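Asker: Take a look at this one; I'll ask things after.
The values are calculated or read from the model by the stated rules, or taken from the named source; none is laboratory data. Quick caveat, the model's predicted, so the values are computed rather than measured. Virtual Cβ from ideal backbone geometry, glycine too; neighbours counted across all protein chains shown. SASA here: full protein model, heavy atoms, side chains in, ligands and nucleic acids out. Shrake-Rupley method; radii C 1.70, N 1.55, O 1.52, S 1.80 Å.
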Amino acid sequence: MTSAEIVLVGVDGCKAGWIVVRRELGSTPRNPGSTPSVAVFASFAALLASLPHDAVIAVDMPIGLPEFSSKGGRGPEALVRPLLGARQSSVFSIPSRAALYADTNDFTTIEAWYAAHIRASAVAKTTSDPPRGVSIQAFGIFTKIREIDALLIARPDLRGRVFESHPEVAFCRLNGDQAMQLPKKVKGSINPAGMAERKALLCRHGYEKGFLDQPPPRGAAADDFLDAAAMMLIAGRIASGEARPFPDPPGRDRFGISVAIWA
């Protein structure tokens with residue numbers, strides 16, 4: 001890779017860790033860059049170690065945690081929901097940092113997992129107005145939120161490279177600010193029509209259909225793969241200065257970490 005090239009990286013959480021779609025972007029028509037590739041990493045640290053120091057990363061994961069949660073979440077969530085119409089339920093509110101760190105144990109039983117959820121909800125209710133607990137969906141990604149949070153606290157150099165985005169916001173922005181018409185999932189199962197709608201949009205933005213049609217790597221689901229592909233396009237928008245943060249300008253948490261959804 002030459003100094004004129006840049007690596008664009010889209011990331012989504014998955015069962016096995018993190019699914020990554022990356023591409024080296026060339027700087028001239030004669031050097032348009034590489035075709036995209038897809039891989040899974042067990043940890044975000046391992047993912048970072050595989051990349052050059054100046055790669056631009058867009059990830060579907062909340063970044064920047066509030067000390068106190070107001071109605072609608074941190075702020076970014078409330079700003080992007082109106083863009084999404086029927087898809088706005090995909091954006092769930094992020095509770096306080098105290099709730100995120102209320103229980104950091106590894107859970108060996110489902111009973112322990114549910115007990116930890118109850119504890120986190122209790123803390124969330126004392127650090128939100130109006131008092132609000134933690135949804136099961138949000139609690140399910142607490143470990144991954146903390147994984148990125150710990151890295152950004154320990155390594156301030158990452159804060160200008162790792163950006164929060166959200167797939168449905170990304171698809172909306174890539175679709176001329178029109179939300180997707182169909183859901184990716186219906187009652188927890190993949191919705192083929194919704195997936196086809198998103199693949200068609202991604203192809204309009206340069207992906208080959210054959211790339212998107214391939215089975216996702218082991219440990220990742222088909223919708224995780226499409227979400228990571230959309231995140232890679234947002235990384236490109238960030239690198240080119242085309243992306244917009246919600247809010248604009250971004251807020252900051254108490255560690256100085258940016259709080260915004262980019263798309």
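Asker: Taking the Cα centroid of the range 122-184 and of the range 73-87, what is the distance between the two, rounded to the nearest whole Å?
Answerer: Centre-to-centre (Cα) distance: 11 Å.
Asker: Which cross-chain or sequence-distant (5 or more) residues have an amide H under 5 Å from the amide H of Ser128, H modelled 1.01 Å from N in plane?
Answerer: When sequence neighbours closer than 5 places are left aside, the close amide H contacts are Ser69.
Asker: I would also like to ask the following. Looking at the chain, how many pairs of lysines come closer than 18 Å at the Cα, when each pair is eight or more places apart or spans two chains?
Answerer: For the chain, qualifying lysine pairs total 8.
Asker: For the range 71-84, just list the computed ³J(HN,Hα) in residue order, Karplus coefficients 6.51, -1.76 and 1.60, θ = phi - 60°, integers in Hz, with x standing in for Gly and Pro.
Answerer: Here the 3J(HN,Hα) series is 4, x, x, 6, x, x, 4, 5, 6, 8, 4, x, 6, 9 Hz.
Asker: Can I ask one more? Can you give me the accessible area per residue for the range 17-144, using a 1.4 Å probe, in Å²?
Answerer: Per-residue value: 48 Å².
Asker: Let me ask something additional. Summarise the accessible area of the chain (1.4 Å probe, protein heavy atoms) by the percent that is carbon and sulfur.
Answerer: Summing carbon and sulfur atoms, their accessible area is 56 percent of the total for the chain.
Asker: Just for the chain, what percent of DSSP beta bridges are antiparallel, to the closest 5? Numbers along the way, then the final one.
Answerer: On the way: 23 of 33 bridges.
Taking every DSSP beta bridge with both residues in the chain, the antiparallel ones total about 70 percent.
Asker: Continuing with this model, one more query. If Lys and Arg each add +1 and Asp and Glu each add -1, what is the summed charge of the other residues whose beta carbon sits under 14 Å from the beta carbon of Ser69?
Answerer: Around Ser69, the charge tally is +2.
Asker: Another one. How far, in degrees from 0 to 90, does helix 192-204 lean away from the longest principal axis of the Cα atoms of the chain, to the nearest 10?
Answerer: For 192-204 against the chain, the angle is about 50 degrees.
Asker: Could you state the angle between the C-alpha long axis of helix 142-154 and the longest principal axis of the C-alpha atoms of the chain, as a value from 0 to 90 degrees rounded to the nearest 10?
Answerer: Computed tilt is about 70 degrees.
Asker: Amide H neighbours of Ile261 under 5 Å, counting only residues 5+ apart in sequence or on other chains, H built in-plane at 1.01 Å?
Answerer: Those qualifying (amide H under 5 Å, at least 5 residues apart or on another chain) are Phe246.
Asker: Can you tell me the orientation of helix 110-126 relative to the chain, as the angle in degrees between its alpha-carbon axis and the longest Cα principal axis, to the nearest 10?
Answerer: 80 degrees
Asker: Using θ = phi - 60° and the Karplus relation 6.51 cos²θ - 1.76 cosθ + 1.60, list the HN-Hα couplings for the range 236-246 in order, rounded to whole Hz, with x at every Gly or Pro.
Answerer: x, 5, 5, 4, 8, x, 8, 5, 10, x, 10
Asker: So who's got an amide H within less than 5 Å of the one on Met180, skipping anything under 5 residues away but keeping other chains? H placed 1.01 Å off N, in plane.
Answerer: Residues meeting the criterion, in which the H sits 1.01 Å from N, are Cys172.
Asker: Something else about it: Show me, for the range 211-219, the HN-Hα J-couplings you get by feeding each phi into the Karplus relation (A = 6.51, B = -1.76, C = 1.60, θ = phi - 60°), rounded to Hz, glycine and proline as x.
Answerer: Residue by residue, the range 211-219 yields 5, 6, 7, 5, x, x, x, 4, x Hz.
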